[in-house]
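Colleague: Have a look at this one.
The values are calculated or read from the model by the stated rules, or taken from the named source; none is laboratory data. It should be emphasised that the depicted structure is a prediction, and the values quoted were computed from it without experimental measurement. Ideal geometry is used to build each Cβ from the backbone, glycine not excepted, and the neighbour counts take in all protein chains shown. When the accessible area is computed, the model is the full protein with side chains, heavy atoms only, and any ligands, DNA or RNA have been set aside. Shrake-Rupley method; radii C 1.70, N 1.55, O 1.52, S 1.80 Å.
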Amino acid sequence: MKTLLTTAVALALAGGAAFAESHAMDTVRLGTEGAYPPYNFIDDDGEVAGFEIELGNELCARAELTCEWVMNDWDSIIPNLVSGNYDVILAGMSITDERDEVIDFTQDYFPPTASAYLGASEDADWQGGVVAAQTATIQAAHVATGDAVLLEFATPEETVAAVRNGEADAVFADKDYLVPIAEASGGELVFVGDEVALGGGIGAGVRESDTELR
């Protein structure tokens with residue numbers, strides 16, 4: 001991740017410096033969910049943390065921008081960007097054609113990663129059973145196109161809890177998010193089925209009118 005962070009920062013410097021020069025007194029508000037480790041989460045001190053927080057803070061420091069973090073639930077994160085509650089989304093958001101019709105994206109700062117199914121046993125029915133996914137995600141959209149019954153939740157923690165309590169046969173999410181959960185389960189939760197490549201990488205989202213900020 002450090003290599004990717006350095007590359008993303010370097011590529012953003014030219015545009016960021018120009019923006020900073022003309023907006024020296026402005027505050028750029030960065031919106032995130034705070035519930036999707038390792039990208040963004042709340043640490044033991046109650047502070048927002050994660051790869052994207054480090055990335056956002058470093059971009060702001062190098063571009064000499066004053067930035068502040070704004071927490072927002074995932075299911076309204078795009079509408080609240082459009083309505084002006086913050087200026088940038090840094091929240092593990094995959095670049096898709098559907099989202100690009102509503103907002104603009106930077107280049108991807110993290111390449112496309114695999115999505116995976118996690119169940120309570122190796123024979124969990126991830127193809128035709130009940131599959132949990134976070135609402136308004138590319139994973140939920142993918143499940144909806146198949147034979148499984150989609151069970152949507154507002155937060156990623158709830159999708160995993162649905163598998164633990166037997167409400168769902170499997171959860172479908174970014175494998176990066178699921179790996180530490182599987183490892184910490186002591187064999188209670190296992191990967192099933194095939195990995196799936198979705199989306200065009202993770203990028204920062206901005207309003208379509210904010211071309212200079214982008």
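Colleague: Once you mark the GluC sites (Glu not before Pro) that are in a DSSP loop and have at most 15 other Cβ atoms within 10 Å, what is the longest gap between them in the chain?
Modeller: With a cap of 15 other Cβ atoms within 10 Å, the longest stretch comes to 1-46.
Colleague: Anything in the chain that counts as a DSSP H helix reaching 18 Å or more along its axis (C-alpha) with Kyte-Doolittle mean of at least -1.0? List them, would you?
Modeller: Helix filter hits for the chain: 2-22.
Colleague: Further question on the same structure: Treating region 114-197 as a set of equal point scatterers at the Cα positions, no solvent, please give the Debye-formula log₁₀ I(q)/I(0) at q = 0.22 Å⁻¹.
Modeller: Taking Cα atoms of region 114-197 as identical point scatterers yields -0.95.
Colleague: For region 115-167 and region 53-68, what is the separation of their Cα centres, given in Å?
Modeller: Between the Cα centres of region 115-167 and region 53-68 lies a distance of 35 Å.
Colleague: Okay, helix-only estimate at 222 nm for the chain: each DSSP H run of n ≥ 4 adds -39500 (n - 2.57), divide by all residues, round to 500 deg cm²/dmol; what do you get?
Modeller: -9500 deg cm²/dmol
Colleague: On the first, second and third principal axes, largest extent first, how far apart are the outermost C-alpha atoms of region 42-130 in Å?
Modeller: 53, 37, 24
Colleague: What ³J(HN,Hα) values, in whole Hz, does the Karplus curve 6.51 cos²θ - 1.76 cosθ + 1.60 give for region 66-81 when θ = phi - 60°, with x put for Gly and Pro?
Modeller: Rounded to whole hertz, the list is 8, 10, 9, 8, 10, 8, 8, 4, 4, 5, 10, 5, 6, x, 6, 5.
Colleague: Quick check on the chain: what are the equivalent-ellipsoid semi-axes from the Cα gyration tensor, as sqrt(5λ), descending, whole Å?
Modeller: Square roots of five times the eigenvalues give 33, 17, 15 Å.
Colleague: With a 1.4 Å probe and all protein chains in place, put I77, I138, I42 in order of accessible area, largest first.
Modeller: Largest to smallest exposure gives the sequence I42, I138, I77.
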